[in-house]
Structures are given as C-alpha cells and as structure tokens.
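Take a look at the structure set out below.
The values are calculated or read from the model by the stated rules, or taken from the named source; none is laboratory data. Note that the coordinates shown come from a computational prediction; the quantities given were computed from them, not determined experimentally. All Cβ positions, even for glycine, are placed from backbone atoms using ideal geometry, and neighbour counts span all protein chains on display. To get the accessible areas, we keep the full protein, side chains included, count just its heavy atoms, and leave off ligands, DNA and RNA. Shrake-Rupley method; radii C 1.70, N 1.55, O 1.52, S 1.80 Å.
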Amino acid sequence: MFKRFDDDTRKVVEIFVDGRPVMAREGDTVSAALFASGLDVRRKTAVSGAPRLPYCMMGVCFDCLVTIDGMGNRQGCLVPVHPGMQIEIQKGKREIGR
Amino acid sequence: MPNSYDIAVIGGGLLGSAIAWGLGRIGQRVCVLDEGDIAKRASRANFALVWVQSKGLGMPAYTGWTMQASDTWPKLAAELLDQTGLDVCFQRNGGFHLALGEEELEQRSALLKRLHNQPGAVDYKMEILGREQVARMLPHIGPEVSGGSFCPYDGHVNSLRTFRALHTGMAKFGVDYRPEHPVSDIKYVQGEFRLASPNGEIRAGKIVLAAGNANQTLAPMVGLEAPMGPTRGQIVVTERTMPFLPHPLTTVRQTDEGTVMIGDSKEDMLDDTVLNLPISSVMADRAQRMFPLLGRLNVVRSWSGIRVMPKDGFPIYDQSETCPGAFVTCCHSGVTLASNHAFEIAPMVAAGALDKKKLGAFSATRFQKSDVRTSGYY
Amino acid sequence: MTINRPMRDEYDLAVIGAGPAGLAAASLAAQSGLLTLLLDENQGPGGQVWRAVTSTPVKETRLLGDDYWAGSKLVEEVRASGAEILQGATVWSLDRHLEIGISAGGGSQFIRAERVILATGALERPFPIPGWTLPGVMTAGAAQTALKSSGLIPDGKTVVAGQGPLFWLLTAQILRMGGRIDLVLDTTERRNYLRALPHAAAFLTSPYFRKGLAMMREVRSKVRVVSGVTRIAASGNGRLEEVAYEAGGRSVSVPADLLLLHQGVVPNVNLAMSAGVKHRWDDIQLCWSPVLDANGGTSVEGIAIAGDGAGIGGALAAVERGRIAARAAVEALRPQAGAKVPSMETFRAALAKAERGRIFLDVLFRPSKQFRIPGGDTIVCRCEEVTAQDILDSVAIGATGPNQLKAYRRTGMGPCQGRLCGLTVTELMAEARGKPPEEIGYYRLRAPVKPITLSELASLPKNESATKAVVRG
C-alpha cells in the first residue's frame, strides 16, 4: 500500500513485529513503520474479529491499536518507534495483564 | 397512535419497561410515556447486577422478594430470547463482595450476622470466605484481598441489552412506547386518568407510576406518596479484554462483551452532568488492589447517574385508595427485580389490585410511621 | 521512556493543541508575560496541517509547499516565547473549574489554569460508505500524515475520492513525491457550483483561490479525474480489492489496493463538550460548533476556543483566532502587558482577510447527503460495529437521539467515543425522525475524553469525602 519516498535520509531503527525484524526510521510512528514494512499487519477487532488497519493516523479512530512492548491496545499512530521495540499485531480483545 | 389506553405506564426505564412488557404479554392495551434523549436515567447508568446478598436488612420481606426475582430471572431471559432473539446474557453462578484488609472483612462479617439474626428473612446462603477460598474462585486477586462474602444466588446480566430486549418485546406485544412525553400533570376524571404532556394528552383506565425519582412529585397527584432519597453513583468502564473474572463483584464485574465495569460510589449530589474525579480515582485504586492486572487496562468511559432510591432504600409498590387504578412503583434494584415486575406486578396491575399478602410490606404507608430506618442499599 | 511532565501545578494560561491556533496563542501569551503551558498530544508541534514540520524527512520545500513550511516560523516563535511546551501529552479531562487532566510519560496529573484556550482543531468528517472499515480504506488526511511525518507514499493501485481543499492538496503532494494515484473521484455536487456562485467574488480575492486552482490543474494534468461521482463503495475479502462508483448514471468498478477518502473537516468537539461548552448545529458546515463570543470565549467562564475547533476556517484564520483568544486572556489577566502586542483590531482585520472566501468553499464543498447519511449494512459506528439499519431499527422502537441510541446499540461507546460516528448518528436520526439535527442533539461526553490506564486514574489525588463515598462498610 505504501512505500518510502526515495530521499528519506533518517537513521534506521530496528524494531520487531511479531518477532520479525523490521527496519523503521527514526521519527516514525509505530503505525507508519508497520505500513512501510510491507507485512500483513491487519489487526482483528475486539467486537467481531473483523480485520482493520489504521484509518485516521491522528489519534482519533483507534483502528491502529497494537501491542507495544507487552502493553496491549496502544495507539500505534501516536507512539514513536525506538530501537528494539517489540510490536505484536492484536487479534481480538487484549489479554488482561498485557 | 391512539390517545386512549387500558393502562399507561409512566416511565420507560427498566422498571416501567418490565411492567409494560409484562402487561403486553397478557394482552393489555398499554402505552409507555417517557422523556426524551436527555434525562436522568438510572436504567441506562446502572451496574447490571442481579443481586441477592446483603439485601433486606431492616425489611425481611425484601429478602424473599429479591430471592423470588433471582429465581425467575432465567424465565425472563428465556422469554426475551425467544421473543426477540436477544440474549441478555443472564449469569447466576454466585457473586462476591471483596474486602481489602482485615477491618473491612470484619465489617462484612458483622453485616452478615445482623442479616442472619433477622427473624422472618429468607436464608440466601450468604457466607464469608477467607482469602484462600476466594483465591480458588477468583485467581487474579491481589495481596491485599483479605476475603469476602459470597452468595451463590448472585449474578448479573447485560442490562442495556435487557433494556433493548424489553423495548423490542414491547413493540412486538403492541405496546406503544412514546418518548418525549414527560408527564407534567395527572387528573382523575370519572374513572379515567388524563395525563398531560407537552406532546398531547393521553388517557388511560389505569396508570402505573414508574418514573423513578419523579414519582415523588407525580404520586401525590393521584393520592399516593413516594418519598425518595436519591443519591449519585459513578461508574468507570474499561476497554474490552479477554474473560478473566468468572464471578461478578459488588464493585467490579466483567460484561459478556469483555468490558470491565467498576463502581460504586454514593454521594448526596443530584447533578449527573459532572464527574467527581477523586471518587473515580478511589474506585480505580480499589479495583486495582483487588485485581492488580486491571491497572494496565484503558479506561474508555466513565459516567455518573442518579439512583432511584426510596427514602428507606426498599421498594415502594402501592395503589391509590382515592383514585382506583393508580399504582406507584419505585425501587433501586430495577435490574434484579425486573422478573418480578414482569411476572408479578404486571398481572396484579391488570387485575386492578396489588396482592396485599405479597406486597403489603412495600406500601408507602410505612413512611407514615416515625421510625423508618434506612438500610436497604449497601 | 522520557518522563515528561508539566513543571508547575498552576498556570495563567493553558493552551491545548499545538497546531496553528495553539502555537500562535501560546506564543503571544507567553511573550506578554503570561505563565503559559502548551500541551500537545503529538511528538512534535504543528498539529495536523503542519504535522512533523520540525522533523519531516521531506526536506525539499517544493514538495509539501510554502503553506506547510510557514509553520516552522511559528514553531520558532513559540519556542523563543518562554511558553512551556509539553509534547506527547494527552489532555483527557477538562472541567468548568479549569482543572486539566494530563496524561504524559505514562502517568497522569492535574494542573489548573486561570484561562484555557482549546486549540484542538479538526478531524476529518466521517465518510461512511459501504466497506469503509476494510483494510486499505483510510482518510486522505491519514495518508497525508504518513507522507509528512514519514515520507510514505502510496505504491499500489490507489483511488482518491471526495472533495474539498485538502483533498486536492494531498493528491498534488502525493503525485509530486512520485506516489501512485490511479484515479481521482470528485464527489463535488454539480449544483454546488451554482449555489456557490454568489459568494465567488470574495473568493476570487482570497489567498485560496489562485493556489486552489493551480493545484486542481496540477492534479488533472497528471491523473484521471472523474467528476460528479454520486456513489462510492469499497469491497473485498478481508481487505480492499475493488472500488465501485457511479458518475453521470454510469456504474464502474476498478481494482484498488488503497482508497483515500476525504470530504472536509469538522471541529473536534470532544474536549470542549465534555467541559460543558455549549455548541450549536452549523447548517452550512453541517457540524457542531461551539457558541463563541468575538474573542473565542465559550459558555464556560475562562475557556476559549481558537482554530478549526471554533468552526472550520483554515490555518490562516486559526492563527489569527489563536492570537485573538490569547490577547483576550492577556487583557483579562495582565491588562498592562497588552500594550506590548498588536491591538485586537489588527488581529481582527487579519482574521477577516483570512476568512474571506470561506463561505464559497463551504457551499461548494458541502458534502452531499448520500455520503453523509448511509443506509442498510453500511457501518456507522466503527468501534462497536453498528450499521445504519441497526440505528434505524432502534429509532423505530423508540430511540429519539444519540444518548438513547447508546442504550439500544452501544453506538459511540467504544474507544473513539463517537468521533467517527457522532455526526452520522445525529444526521441519520434527524433524517429518520424528520427533525432538524439541532433537536436530535449529540452524545453527552464525559472524561476521560481519551483513554487512560486504570492505574493512571488510580494514582490521581483522592480525598476523604471521595473515599467515604466509595468505602461504606
């Protein structure tokens, strides 16, 4: 769906998506990094399990919810990546304690 | 829509809806008059427990009435499912009141003792469990939980879906639900009630006042009384999470949808448009101490609501001597008692008289005595 | 995680939102000597219009345009002004006593301000077409955010659909950066051109006219544009695969990987409404707007609203509204300091200039009914997955407005708290009941207006009466 434009000179930041290494860039939000990864990063909703991807990218739609460093239901479009960040795509409701 | 009915129910919350549904079920021509989009609505702000334990201190009849409701809730849930296809997710596998620290547990034990010592009350098998026993049934409790009380008859339900099922069912029974008809005046003329509302007059042979705290002003118009002592409660709700809590608590429960509801507070305030955040904080803190894993969940909503609360905390069911056919009904536990309202109160209203043997204790005439004690709600 | 908290408990002025209005307001207030706190949810200042203006990888000015880079000047100004700036800070509560609940760095706290300026801006109007929840369908603004902050450009089969100034801007930006767009579906109603004509004179002299026209020409020269589109539907199995549309009575389907939707922006009302600010239905912009005095003051003493949250006016107007609200705060709190900054009249004149031609845009780009009021299986509430038909069914059994609808269907009760369904619900119910939207009303909103964790809530100050209200033995 998306690719990075050619002249992006920002530093590469390695993150992990469901355990797989992904090269993000410094300043990317989690959602942007996921889009750029080319991976299938569709989450499943907590209500019906329908597949979703981020819709608004500005913190209002909550379709970017993702588990970040073990914490569920975070808004991926608001959180910047950091080296070594562990991201898990959520399938349905989050688990208690995560 | 017509403007004349056998029976007009004033109030479209859970109490009024359950009675109206019960009346429709036995073929009465009924309308329900309700307010509009913004109103003080306990039925949409409640905690959705079908609750037995700790009910009835000071009025033994209330324990029996509550037990009966708990016993007949499965029938209500089944009939609603059958009629509307809506599963209200009634669950009755026992509920807890958890104590943090020894002092709270002692207080709870003392309450239990007072309940047990009441002559004439139905035994609902409420018992005190120690920390280890609780932990076996609620594996996620935190270290501060000292124990709690448990009652096998306690349960909960999806109250919004119950509300929707009752309204869907009412429509199927031909009950006319008429929102934006707040009743401002009631006149009893030649055996008929005339109800004034901004959207026109409605006439009915009988009326049931089920308008919550507004019953206080409506009841005297038909020779009844309903002294109320409303309080404000707040609730905090989290996002949906995987099932983790197998039993409901008085203050924490997980809904069938996965959200976790956290209550409950009680304030002498009647403004439901503002929140008292220190209270939300106390509730959140206690919930987190009961279940530390809750701390990581996101709170997505919170609200305050005004409880419908008769002055002594117990239900009022009464009928007018001066205006025959006028009934007043108000109670706090509109979810718990919904089955009674549908299966017991409705037929009595249809027949024109409340059963004194069953409901005599709930007559508002009790307020004419000077020694009314307040203890119905914990 | 860097701990990022306000340095004080009390401020003269708190400005919420660091877009055009918030930057301008905070800067002017701090320059005038007010103890000013600027709170913003994003990692960097700029809001949505100037998103990532300090950090974007897209450095070549031509690509994002001069209007975008204008933001960096205001950012420099506010950074030099002495205002305390807190990024990554989510305001989740504001009450009529001007107490502000802030979540930042993983913790929550309250601060109090003598005055509050809400500059929470706008969000894109819901675009509830069939299939709009499918992966691969997103807002044009979302794509623009990805573009500005991370230099992401569409590379699959891409359709852009909708209307409005931002719509054309984004399309031009994507194309300039080498992104792929296969088809543009213009939903502007043809009869709107006639309706807008009486307002054209003012627009011709507005700053938007020349730029807008140039941008539309730029897009049309590079990609196929279908005008007069009257129906759009997205479909696919688990993701977007096809976009179907109707134009001039002809139905067409095209394969697509990405569909970008946009039909204008509307005020982001959640925080203001939860604070009790009175709003009214704006029949021209088809949204709720706060009731304001000439300085942006609201029905709640001490709270003002500036920028697009005050009614859509665009970035230039937002800057001036921010200055006006800030100057009013200065006049109220430090009357003598007001002499140092330009007069109110100067700002009002600048605002009038910035707003010139606005009505033309409002009328021309008034979204058509079929794209605002869906039917059938189309989802209205994305969070709770409630369809238009579900809502109509509820109206049929007695739901009169959005708050009763919640009881029947849970609309607006999910994490987005009605931001993506509220307007649709109001208009759909208004249509179904044959009543004006004003009479139908809106969700009653309460804190937290953005989710905070239970432990954050639990860590907030408590008091004895609060404890007594909960622990009752």
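Here are some notes:
- Test: residue in segment B:292-300 that is more than 8 Å from chain C (Cβ to nearest Cβ) and within 17 Å of residue B:241 (Cα to Cα): yes
- For segment C:240-281, taking the residues that are of a type in the set (Ser, Thr, Tyr) and not assigned by TED's automatic domain parsing to the domain that holds residue C:312, the one that is surrounded by the fewest Cβ atoms within 10 Å (Cβ to Cβ) is identified as C:251.
- If you go through segment C:121-139 and keep only what is in contact with a helix residue (DSSP H, G or I) (Cβ under 7 Å, 6 or more places away or on another chain) and either within 7 Å of chain A (Cβ to nearest Cβ) or within 21 Å of residue C:318 (Cα to Cα) (or both), you end up with C:121, C:122, C:124, C:125.
- Within segment A:30-40, if we keep just the residues that are assigned to a loop (DSSP other than H, G, I, E, B) and out of contact with any strand residue (DSSP E or B) (no Cβ under 7 Å at 6 or more places or on another chain), the residue that is surrounded by the fewest Cβ atoms within 10 Å (Cβ to Cβ) turns out to be A:38.
- Enumeration of residues in segment B:278-291 that are within 7 Å of chain C (Cβ to nearest Cβ) and open to solvent by 20 Å² or more (accessible area, probe 1.4 Å): B:278, B:285, B:286, B:288
- Of all residues in segment C:418-442, those satisfying the criterion of being open to solvent by 10 Å² or more (accessible area, probe 1.4 Å) and either closer than 23 Å to residue C:96 by Cα or at pLDDT below 95 (or both) are C:419, C:441, C:442.
- Scoring residue C:397 on the criteria (1) within 19 Å of the chain's Cα centre (by Cα); (2) of a type outside the set (S, T, N, Q); (3) facing chain B (nearest Cβ under 8 Å) leaves a single failure, condition (1).
- Residue within segment C:104-111 that is within 10 Å of chain A (Cβ to nearest Cβ) and modelled with pLDDT under 95 present: yes
- From the options C:30, C:24, residue that is assigned by TED's automatic domain parsing to the domain that holds residue C:312, in contact with a helix residue (DSSP H, G or I) (Cβ under 9 Å, 6 or more places away or on another chain) and open to solvent by less than 10 Å² (accessible area, probe 1.4 Å): C:24
- Test result for residue B:256, in contact (Cβ under 8 Å) with a residue 40 or more places away in the chain, closer than 19 Å to residue B:43 by Cβ and surrounded by fewer than 21 Cβ atoms within 10 Å (Cβ to Cβ): yes
- Filter result (in contact with a Gly (Cβ under 7 Å, 6 or more places away or on another chain) and open to solvent by 30 Å² or more (accessible area, probe 1.4 Å)) within segment C:212-235: C:235
- On the stretch given as segment A:61-78, residues that are crowded, with 22+ Cβ neighbours inside 10 Å and at the interface with chain C (Cβ under 10 Å from one of its Cβ atoms) total 8.
- The number of residues in segment B:1-48 being assigned to a loop (DSSP other than H, G, I, E, B), aliphatic (A, V, I, L, M) and open to solvent by 10 Å² or more (accessible area, probe 1.4 Å) comes to 5.
- Answer residue from segment C:64-93, given it is within 23 Å of residue A:79 (Cα to Cα) and among the aliphatic types (A, V, I, L, M) and is surrounded by the fewest Cβ atoms within 10 Å (Cβ to Cβ) among those: C:75
- Taken over segment C:454-473, residues that are over 14 Å from residue B:263 (Cα atoms), more than 7 Å from every other protein chain (Cβ to nearest Cβ), free of Cβ contacts under 8 Å to residues at least 24 places away in the same chain and of a type outside the set (Asp, Glu) amount to 1.
- Checking segment C:413-421 against the condition returns no match, with no residue being under 24 Å from residue B:263 (Cβ atoms), outside the structural domain of residue C:319 (by TED's automatic domain parsing) and in contact with a Ser or Thr (Cβ under 6 Å, 6 or more places away or on another chain).
- Picking from residues in segment C:400-411 that are assigned to a loop (DSSP other than H, G, I, E, B) and open to solvent by less than 10 Å² (accessible area, probe 1.4 Å), the one that is nearest to the other protein chains (Cβ to nearest Cβ) is C:401.
- Qualifying residue in segment B:310-324 (condition: open to solvent by 10 Å² or more (accessible area, probe 1.4 Å), outside the structural domain of residue B:195 (by TED's automatic domain parsing) and of a type in the set (Val, Ile, Thr)): no
- When residue A:85 is tested against (1) farther than 27 Å from residue B:294 by Cβ; (2) more than 9 Å from every other protein chain (Cβ to nearest Cβ); (3) among the aliphatic types (A, V, I, L, M), exactly one condition is not met: (1).
- Residue satisfying all of: in segment B:169-187; part of a helix (DSSP H, G or I) and open to solvent by 30 Å² or more (accessible area, probe 1.4 Å); nearest to the other protein chains (Cβ to nearest Cβ) among these: B:171
- Taken over segment B:126-144, residues that are part of a strand (DSSP E or B) and more than 28 Å from the chain's Cα centre (by Cα) amount to 1.
- Identity of the residue in segment B:301-321, touching a Ser or Thr at 6+ places or on another chain (Cβ under 7 Å) and among the hydroxyl-bearing types (Ser, Thr, Tyr), that ends up farthest from the other protein chains (Cβ to nearest Cβ): B:317
- Failed condition for residue B:304, given (1) closer than 23 Å to residue B:156 by Cα; (2) part of a loop (DSSP other than H, G, I, E, B); (3) touching a strand residue (DSSP E or B) at 6+ places or on another chain (Cβ under 9 Å): (2)
- Qualifying residue in segment B:258-269 (condition: at positive phi and in a helix (DSSP H, G or I)): no
- Residue identified as modelled with pLDDT under 95, open to solvent by less than 10 Å² (accessible area, probe 1.4 Å) and among the hydrophobic types (A, V, I, L, M, F, W, C) among B:111, B:166, B:98: B:111
- Qualifying residues in segment A:1-29 (those that are away from chain C (no Cβ under 11 Å) and buried (at least 18 other Cβ atoms within 10 Å of the Cβ)) - the one farthest from residue A:78 (Cα to Cα): A:22
- Strands (runs of 3 or more DSSP E) lying entirely in segment C:168-248 (those with 1 or more residues that are in contact with a Leu (Cβ under 8 Å, 6 or more places away or on another chain) and modelled with pLDDT of 90 or more): C:224-226, C:229-235, C:242-247
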